[in-house]
């Protein structure tokens, strides 16, 4: 941990997409028990920022560091510590929900089928465990993706629009999971249009065009 | 409770095989293509056994190359389209491990399957049974090499909407040595010349590509993921 107590720090990140200057020097620090809510109008680079933080996209300028070290230099440990949910649910239609989880989470840590079923139970899609993902509704797929984030048991959650396609109960459920995660010492970076009403420390980052 | 690289590779191979067997039609397409193309040749030319036997190695190898190319397009594309490639890239194992496992699994369901049906095609083209061992060995080495080359091409074209033709244009020129030495080995075995030299060359190409291609494909994939 570095001197400021921040575990994840983003310093002066600039990203150009062709001629477009998408991220103009974004800097933010995030420590344990903190949630960063990234908001802003469409096209202001919220997803781009998330992909930079993941390490999928290398910024033209600036750096992202985890526990004081650049994420490129500690890639394996950093990736083991993060759970990313993109705006697509990232499920294989031909595999069942449980198989999808097993193959995705199994690469990160050893996990039993019972654990995965428990995760699906928590997100309210236990009944879909043995159905191929292609027959699930968009909301159910989102819940399965959330179960995958849970099962990875990673300290850092990076979620892109986790409330899309969810009904009110589902949105409440995701809020509850986020709150539990942060209160138990986790970090979360959430891109969302919603206002987050959470009983934990929420910091806001508003991106503008 | 970290997962080792071997364990991760086995898991990815199992995932790929599981996905392939859920879609038997896509699994069978390259094989049926291979059988049909090789059957067309005796129909299209004079079906004299001596003439057929002269052409058999070339026909067999060209058909094998083309049918392997058919399924290469989807090697990374299907995962890139549904977002699972990002999950794989962030799994903590390093993308190279994933690329190796995926390419090997792809070879198992295409190249290895071609090798297994090649005796049927060989019989149809009049290749003597004594040359089958050489034919199958050369096809096994050649198709594995082609899968590694194809992985580079598939990684480069993953972001394109219709990258299939470009993929062929990238991979086929690189596959020429395979065709020359693969068909040469089979031809040698038919006509009684020792095929060992050609087989060694194929094996060398296979080792060369399987050591370097995964890294090239990883770099290409990383660029397309950005």
Worksheet item: Given Cα pairs under 8 Å that are at least 6 residues apart, what percent is the relative contact order of the range A:1-75?
Response: 40 percent
Discussion item. Could you identify which residue out of A:109, A:148, A:51 has the top mean-square fluctuation in a GNM of chain A using Cα springs shorter than 10 Å?
Written reply: A:109
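In chain B, how does Rg compare with the Kirkwood Rh, expressed as the Rg/Rh ratio over alpha carbon atoms?
Across chain B, the Cα-based Rg/Rh ratio is 1.00.
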Practice prompt. Would you compute, from DSSP H runs of 4+ residues alone, the mean residue ellipticity of chain B at 222 nm, taking -39500 (n - 2.57) per run and dividing by the full residue count, rounded to the nearest 500?
Written response: -28000 deg cm²/dmol
Worksheet, complete the sentence: Taking the range A:118-209, the whole-percent share of alpha-carbon pairs separated by over 24 angstrom is 20 percent
Worksheet item: Of A:34, A:121, A:161, which is the most mobile in a GNM of chain A whose springs link Cα atoms less than 10 angstrom apart?
Response: A:121
Discussion item. Please rank A:78, B:200, fewest neighbouring Cβ atoms within 10 Å first, as an exposure proxy.
Written reply: B:200, A:78
Worksheet item: Which whole-number percent is the relative contact order of chain B (Cα, under 8 Å, 6+ apart)?
Response: 26 percent
Worksheet item: Ranked by Cβ crowding within 10 angstrom, fewest neighbours first, how are A:37, A:181 ordered?
Response: A:37, A:181
Worksheet entry | Residue-averaged 222 nm ellipticity for chain A, from DSSP H runs of 4+ at -39500 (n - 2.57), nearest 500 | -9500 deg cm²/dmol
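How high is the relative contact order of chain A, in percent, counting Cα pairs under 8 Å that sit 6 or more residues apart?
Numbers: 380 pairs, mean separation 61.1, N = 209.
Answer for chain A is 29 percent.
Can you sort B:120, B:152 so the residue with the fewest Cβ neighbours within 10 Å comes first?
Values: B:120 13, B:152 26.
The order, fewest Cβ neighbours first, is B:120, B:152.
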Worksheet entry | GNM top mover of A:91, A:57, A:120 - chain A, alpha-carbon springs below 10 Å | A:57
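Taken together, the values in this text are just the output of simple stated rules run on the coordinates, not laboratory data. These numbers were taken from a predicted model, which means no experiment stands behind them. A quick note on method: Cβ atoms are made from the backbone with ideal geometry, for glycine too, and the neighbour counts reach across all protein chains shown.
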